[in-house]
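The values are calculated or read from the model by the stated rules, or taken from the named source; none is laboratory data. None of these values were measured; they are calculated from a predicted model. Here the Cβ positions follow ideal geometry from the backbone for every residue, glycine too, while neighbour counts run over all protein chains shown.
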Amino acid sequence: MSHDKIYSEVLLDHYRHPRHSGELTNPDISMDGANPMCGDEITMYASVEDGTLVDVAFRSTACAICTASASMFCEMAKGKDFDHIHQHDQLMRKLMHGEKLEHDERRALADMNSLEGVSKLPVRVKCAMLVWETWELMKQKLKEINKV
């Protein structure tokens, strides 16, 4: 697969100018995630209220795919309820497994569609999904501390 198919302009823009990059002041929770396959490391920060992700941010030392995916995740998730985020999680998993998406599903994914080429490279799928896996761990921890 050629690099131009993987590294689209949208993906590169999210990598070069990540949205919601940095730490939150007084987050309710933070969670670390790592991908030992390529060395990606991410820390997510979240403020939660009544089942809504009021604010979210991340710091990463990661490849372009991982950083762009984290930027896209934060852009999609900020201000949204957990059900909305879960629906997008399911769509991302379909996209990464190379499953056919309906027009409305593609529209819902917005910039995340730029990660579609990654699905052809299984090792890189882990890069794209690290933020989503870290979110799942964060969500479990939030349930344990009764924030959800």
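Points worth noting:
- Within region 80-128, the set of residues being among the charged types (D, E, K, R) and either under 21 Å from GLN140 (Cβ atoms) or assigned to a loop (DSSP other than H, G, I, E, B) (or both) comprises LYS80, ASP81, ASP83, ASP89, ARG93, GLU99, LYS100, GLU102, LYS126.
- Failed condition for ASP50, given (1) acidic (Asp, Glu); (2) touching a residue at least 60 places away in the same chain (Cβ under 8 Å); (3) more than 23 Å from VAL118 (Cα to Cα): (2)
- Residues being touching a strand residue (DSSP E or B) at 6+ places or on another chain (Cβ under 9 Å) and assigned to a strand (DSSP E or B) are represented in region 12-24 by at least one member.
- Scanning region 61-69 turns up no residue that is over 15 Å from CYS127 (Cα atoms), of a type in the set (Gly, Ala, Ser) and modelled with pLDDT of 95 or more.
- When we screen LEU95, LEU24, LEU11, LEU53 for residues that are farther than 17 Å from MET129 by Cα and in contact with a helix residue (DSSP H, G or I) (Cβ under 8 Å, 6 or more places away or on another chain), the only hit is LEU53.
- Qualifying residue in region 51-64 (condition: in contact with a Cys (Cβ under 8 Å, 6 or more places away or on another chain) and in a loop (DSSP other than H, G, I, E, B)): yes
- Members of region 53-85 that are in contact (Cβ under 8 Å) with a residue 40 or more places away in the chain and aliphatic (A, V, I, L, M): ALA62, ALA64, ILE65, ALA68, ALA70, MET72, ALA77, ILE85
- Qualifying residues in region 57-71 (those that are out of contact with any Gly (no Cβ under 7 Å at 6 or more places or on another chain) and within 16 Å of ALA46 (Cβ to Cβ)) - the one surrounded by the fewest Cβ atoms within 10 Å (Cβ to Cβ): SER60
- Candidate set from region 20-51 (those that are among the hydroxyl-bearing types (Ser, Thr, Tyr) and buried (at least 18 other Cβ atoms within 10 Å of the Cβ)); member that is nearest to MET138 (Cα to Cα): TYR45
- Any hit, region 100-113, residues being surrounded by 21 or more Cβ atoms within 10 Å (Cβ to Cβ) and either touching a Pro at 6+ places or on another chain (Cβ under 7 Å) or within 19 Å of PRO18 (Cα to Cα) (or both): yes
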